[in-house]
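Take a look at the structure set out below.
Readers should treat all values here as calculations from the given coordinates under stated rules, not as data from a laboratory. The model shown is predicted, which means the values in this text are computed figures rather than measured ones. Positions of Cβ are generated from backbone atoms using ideal geometry, with glycine treated the same way; all protein chains shown enter the neighbour counts.
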Amino acid sequence: MRWRGRRQSRNVEDRRGQRFIRSKKGAGGGAMILLLLAGLFFGEDVQRILSFFVGSGGQQVQQSSRSPQQVAANDANKQFVSTILAETEDTWNAIFAQSGVQYQAPKLVLYEGQTSTACGVGQAASGPFYCPGDYKIYIDLSFMNELKRMGAPGDFAFAYVIAHEVGHHVQNLIGVAKDVRQKQARANKATANALSVKMELQADCLAGIWINHTERRNSILEQGDIEEGFAAAAAVGDDKIMSRAGMAPRRENFTHGSSKERMYWFQQGMKSGSIDNCQTL
């Protein structure tokens, strides 16, 4: 990607180097394995699980575990994340403006290990996620290495991750997220999971819309970038995740969609550039 030298967002909150402490005992090793399998990748469902283990009580404190000199405040990874977030801001500002609405950009929090959120305790094991309670995206940059291990290396693969989480923020702004949560509250588990899949696939489509508009405006793609995006979408399909965990993929347990579905909807948004073509719900 041609991302260097472009505007960087000021909406990045860097909590790296801070040690998270809570007075209440958290999830044990077995529970953490369940968290990893259930939510290896982004989504509000992960945060509901986290909140269940953490509960509403207990003190949460952020303390610095490293000096400011030890935290690379302007390292390449932060520059990349800040640049991609800025590109999402420019694209969604323009799209919302076409409808006469002002876009409210999300904050993006970089952290290590654990951090406090309005949705409970954020943990690196759950992967990147969006919290609708505080309008923030949470990312532990170690997930970049996890993507590589999953067969999705490259900067555009990680840009897709960020754009997907911003897609969840867009859903929150336009009321889709609230509507889905209300329907899930009245549904059985299988129906609630099916609604979650549709919401995740729409976020993939919105990520595709982002790159469609961004590329037309700035020409940031290089040869091989699109393939990196498809590889990332395929790597985080529920069927692939379950298979890697030694589990038989079962549709009723999907929460994000199959690899094929995720690639299809990402491509759908990328080709059309229109929210009207992202009607998964």
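Taking amide H atoms as placed 1.01 Å from N in the peptide plane, list the residues 5 or more away in sequence, or in a different chain, whose amide H sits under 5 Å from that of R19.
Q63, S64, S65
Starting at the first residue of the range 82-99, write each ³J(HN,Hα) from the Karplus equation 6.51 cos²θ - 1.76 cosθ + 1.60 with θ = phi - 60°, in whole Hz, x for Gly and Pro.
5, 5, 5, 4, 4, 5, 5, 4, 5, 5, 6, 4, 5, 5, 5, 4, 4, 9
For the range 157-227, run through the trypsin sites (Lys or Arg not before Pro) and keep only the ones in DSSP coil with at most 12 other Cβ atoms within 10 Å of their Cβ. Walk me through the numbers before you get to the answer.
On the way: sites: K178, R181, K183, R186, K189, K198, R216, R217; in loops: R186.
When the trypsin sites (Lys or Arg not before Pro) of the range 157-227 are filtered for loop state and at most 12 Cβ neighbours within 10 Å, R186 remain.
By counting other Cβ atoms within 10 Å of each Cβ, how are F80, F156 ranked from fewest to most?
Numbers: F80 20, F156 26.
With the sparsest Cβ surroundings first, the list reads F80, F156.
May I ask for the distance between the Cα centers of the range 85-133 and the range 217-256, given as a whole number of Å?
Each part's Cα centre sits 20 Å from the other's.
R0 = 41 Å: FRET efficiency of E252 with R6, Cβ-based, nearest 0.05?
Working: r = 43 Å, r/R0 = 1.06.
So the FRET efficiency works out to roughly 0.40.
Given points 7 Å out from each Cα along the Cα-Cβ axis, report the Q104 to D179 separation in nanometres with one decimal.
About 1.9 nm, to one decimal.
Residues with amide H under 5 Å of V12's amide H, sequence separation 5 or more or different chain, H placed in the peptide plane at 1.01 Å from N; which?
L108
If I take R0 = 25 Å and measure r between the Cβ atoms of T191 and Q279 in this structure, what FRET efficiency does the formula 1/(1 + (r/R0)^6) give, to the nearest 0.05?
Calculated value: 0.85.
Determine ³J(HN,Hα), in whole Hz, for all residues of the range 132-147 in sequence, where each value follows from phi through the Karplus function 6.51 cos²θ - 1.76 cosθ + 1.60 and θ = phi - 60°; x replaces Gly and Pro.
x, x, 10, 6, 10, 9, 10, 9, 9, 5, 5, 5, 4, 5, 5, 4
Whose amide H sits under 5 Å from the amide H of A118, counting only residues 5 or more places off or on another chain, with H placed in the peptide plane?
Correct list: D134.
Check the straight Cα-Cα distances from K240 and name the lysines below 22 Å, setting aside those fewer than 8 residues away within the same chain.
Excluding near neighbours in sequence, the set is K148, K189, K198, K260.
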